Amino acid sequence: LRNRPPMQHVVITGRGAPAALLEEADLVTEMKQVKHPFRKGVKAQPGVEF
């Protein structure tokens, strides 16, 4: 990340980012599940969960 071109954007997704990555990032967003169809028995859907 430190060596990327000045205007190049990098998007990293996933859980459990190391503290060093969070420290280096310009923007960090944490998402929280509020409601999901899985709770009502709906199976994973292509294009949504995978």
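Could you count how many residues in region 21-38 are surrounded by 10 or more Cβ atoms within 10 Å (Cβ to Cβ) and among the basic types (Lys, Arg)?
Of the residues in region 21-38, 0 are surrounded by 10 or more Cβ atoms within 10 Å (Cβ to Cβ) and among the basic types (Lys, Arg).
Residue under question is Leu1, and the condition is that it be in contact (Cβ under 8 Å) with a residue 12 or more places away in the chain and in a loop (DSSP other than H, G, I, E, B); does it hold?
yes
I'm told Val28 meets every condition in (1) touching an Asp or Glu at 6+ places or on another chain (Cβ under 9 Å); (2) at pLDDT 95 or above except one. Can you identify the failing condition by its number?
(1)
Would you point out the residue of region 16-50, among those that are under 30 Å from Pro6 (Cα atoms) and of a type in the set (Asp, Glu), that is nearest to the chain's Cα centre (by Cα)?
Glu30
The values are calculated or read from the model by the stated rules, or taken from the named source; none is laboratory data. Everything numeric here is computed off the predicted structure, so don't read it as measured data. Positions of Cβ are backbone-derived with ideal geometry, glycine not excepted, and every protein chain shown enters the neighbour counts.
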